[in-house]
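Reviewing the structure listed below.
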């Protein structure tokens, strides 16, 4: 006769929690990685070329972060404002090249870029490494 496994309620809860966390780690990373596949991402050098050619620059970090430092010529439109509705200041920018950045290029920059892209801003691009990558490349930062 085969031996059956028996678990206490606490052991069962721990096993179930471990399984749920393992699943979230395994598939959550996949979802995060592919979450922004529908947006244009640019490197620091590609962003610099766009900026040098007159692209609009949008900083989607908080106003405090913007006031601490930002790319020269950037305008501050925090992600929370963009989520509430695209500001009127961007109404005429649908056909312009737009470089969007956050701190590290991973979350708020891609989210804002996705909002603009879905709203028909076909030349909106996220700076893949954010302001950190820009600064690490030795490019100018306004303080």
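No lab work stands behind these numbers, since they all come straight from the coordinates. Computed from a prediction, not measured in an experiment: that's the story for all the values here. Using ideal geometry, Cβ is built from the backbone for each residue, glycine included, and neighbour counts are taken over all protein chains shown.
Here the extension length gained between residue 64 and residue 142 equals 26.7 nm, from 0.36 nm per residue of separation less the Cα-Cα distance. What FRET efficiency comes out for residue 106 versus residue 76 if R0 is 22 angstrom and r is the Cβ-Cβ distance? Round to the nearest 0.05. So, using R0 = 22 Å, E works out to roughly 0.70. The alpha carbon centroids of segment 105-143 and segment 31-97 are separated by 5 Å. Please label the shape of segment 34-106 as rounded, prolate or oblate, based on the square roots a ≥ b ≥ c of the eigenvalues of the alpha-carbon gyration tensor (a/c under 1.5 means rounded; beyond that, a/b larger than b/c means prolate, else oblate). Note, shape of segment 34-106 comes out rounded. Judged by the mean number of other Cβ atoms found within 10 Å, the most tightly packed of the peptides 63-69, 107-113, 40-46, 97-103 leads the ranking 97-103, 107-113, 40-46, 63-69.
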